[in-house]
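Okay, so here's the structure we're looking at.
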Amino acid sequence: MNYSSGLVLIDKPVGMTSNDAISIVKSRLPGAKVGHTGTLDKFAQGLLIVLAGKLTRLTPLFMKEEKEYRAIFHFGIQTDTLDPDGKVIAEADCPEASTIENTLKKFEGEIMQKPPLYSAVHYKGKRAYKMVRMGNIPELIERKITIFSIENLGYDPPFLHLKIVCSKGTYIRSLARDLGLSCGSRAYVEKLERTRIGAFPVKDSVAPRDFNPEKDLRSSKCAFTALGIPVHLIKGEYYKKIARGIPLNDLFFEYPPERDGLCALFDRKERFAALIEKRGKKYRYHFVGAA
């Protein structure tokens with residue numbers, strides 16, 4: 001079987017770095033280029049999407065997909081890393097349940113959020129966490145993010161259980177920090193699980209060490225379908241022409257696309273040919289998968 005392109009859903013366990021999880025996948029796809037669509041902190045668990053081969057070009061599209069998390073916030077304490085592995089830097093009383101419920105509503109919708117100091121955000125060409133470890137505190141700027149929903153699943157002081165659906169760029173650790181302060185307290189993330197990315201739930205994923213390409217490497221077509229990109233069939237004799245980047249026209253298709261926008265092209269052998277964009281009567285290549 002050709003393992004050169006595809007998509008893998010990985011359930012990263014607590015204590016394993018995202019890079020270690022991805023390295024395991026890569027070792028079982030010899031020769032294939034492999035990339036991720038967003039990492040998880042070491043203390044967190046849950047879904048990682050790993051792309052292989054030509055599908056690594058879809059990374060920006062998958063990174064835009066909304067994320068769903070289950071989190072436990074620990075009130076009354078704040079750590080420097082905003083997770084359970086950090087040093088305690090502040091303590092406060094735990095807030096009342098009514099205070100939390102009223103404050104949560106303020107965090108739904110478009111908000112401004114400052115990344116944690118211990119994060120991979122770049123500041124003047126350096127990673128923020130590396131600067132902090134060298135004793136330099138970067139002045140990170142706030143960024144616009146969206147919290148689509150934040151659901152209170154139960155509060156048993158000091159622990160608040162939440163279900164959060166959010167946009168790209170959201171830091172759950174920052175959300176804990178800011179919610180704690182807004183409630184007149186302090187907080188960090190005790191536990192975190194990413195339960196969904198776009199159309200993919202964590203229940204459909206596999207542990208890194210259980211990954212078997214024969215059954216766990218999903219097809220290229222699956223990736224495009226998950227992104228809502230329509231798939232169109234091309235005539236078999238045009239596959240090699242697409243590989244050479246010859247300009248497209250309606251004759252290439254079994255049935256030409258009627259609507260403008262992105263299209264994924266496959267032949268009847270299920271071979272991925274290209275991702276293209278239709279604008280009026282013109283077609284433009286985004287990237288070619290045919291070889």
Worksheet item: What is the residue count in region 32-69 for residues that are buried (at least 19 other Cβ atoms within 10 Å of the Cβ) and either closer than 22 Å to Tyr188 by Cα or of a type in the set (Gly, Ala, Ser) (or both)?
Response: 12
Worksheet item: In this structure, does Glu110 turn out to be among the acidic types (Asp, Glu), assigned to a helix (DSSP H, G or I), under 25 Å from Ser182 (Cα atoms) and modelled with pLDDT of 95 or more?
Response: no
Item to complete: Keeping to region 237-269, report how many residues are in contact (Cβ under 8 Å) with a residue 12 or more places away in the chain, out of contact with any Gly (no Cβ under 8 Å at 6 or more places or on another chain) and of a type in the set (Lys, Arg).
Response: 2
Fill in: region 138-174 - residue that is of a type in the set (A, V, I, L, M, F, W, C) and over 17 Å from the mean Cα position of the chain (by Cα) and, of those, nearest to Tyr118 (Cα to Cα)
Leu140
Response to the item:
Those residues of region 124-137 that are surrounded by 10 or more Cβ atoms within 10 Å (Cβ to Cβ), more than 22 Å from the chain's Cα centre (by Cα) and not polar (S, T, N, Q) come to a total of 6
Fill in: region 186-228 - residue that is assigned to a loop (DSSP other than H, G, I, E, B), among the aliphatic types (A, V, I, L, M) and touching a helix residue (DSSP H, G or I) at 6+ places or on another chain (Cβ under 8 Å) and, of those, farthest from Pro256 (Cα to Cα)
Ala199
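Every residue, every condition in (1) in a loop (DSSP other than H, G, I, E, B); (2) at pLDDT 95 or above; (3) not assigned by TED's automatic domain parsing to the domain that holds Ile100, yes or no:
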site: Ala120; (1), (2), (3): yes, no, no
site: Gly135; (1), (2), (3): yes, no, no
site: Pro138; (1), (2), (3): yes, no, no
site: Phe148; (1), (2), (3): no, yes, no
site: Tyr155; (1), (2), (3): no, yes, no
site: Leu162; (1), (2), (3): no, yes, no
site: Val165; (1), (2), (3): no, yes, no
site: Ala176; (1), (2), (3): no, yes, no
site: Gly184; (1), (2), (3): yes, yes, no
Discussion item. Tell me yes or no: at least one residue of region 74-81 is surrounded by fewer than 17 Cβ atoms within 10 Å (Cβ to Cβ), within 23 Å of Glu193 (Cβ to Cβ) and either in contact with a helix residue (DSSP H, G or I) (Cβ under 7 Å, 6 or more places away or on another chain) or assigned by TED's automatic domain parsing to the domain that holds Leu262 (or both).
Written reply: no
Fill in: Unique match (being surrounded by fewer than 22 Cβ atoms within 10 Å (Cβ to Cβ), in contact (Cβ under 8 Å) with a residue 12 or more places away in the chain and touching a Cys at 6+ places or on another chain (Cβ under 6 Å)) among Pro213, Pro201, Pro157
Pro157
Worksheet item: With Leu51, Leu58, Leu40 as the choices, which residue is part of a loop (DSSP other than H, G, I, E, B) and within 19 Å of the chain's Cα centre (by Cα)?
Response: Leu40
Worksheet item: Quick check: anything in region 236-252 outside the structural domain of Lys54 (by TED's automatic domain parsing) and under 29 Å from Ile197 (Cβ atoms)?
Response: no
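The values are calculated or read from the model by the stated rules, or taken from the named source; none is laboratory data. A quick note: this is a predicted structure, and the numbers were derived from the prediction, not measured. Cβ: placed from backbone, ideal geometry, glycine included. Neighbour counts: every protein chain shown.
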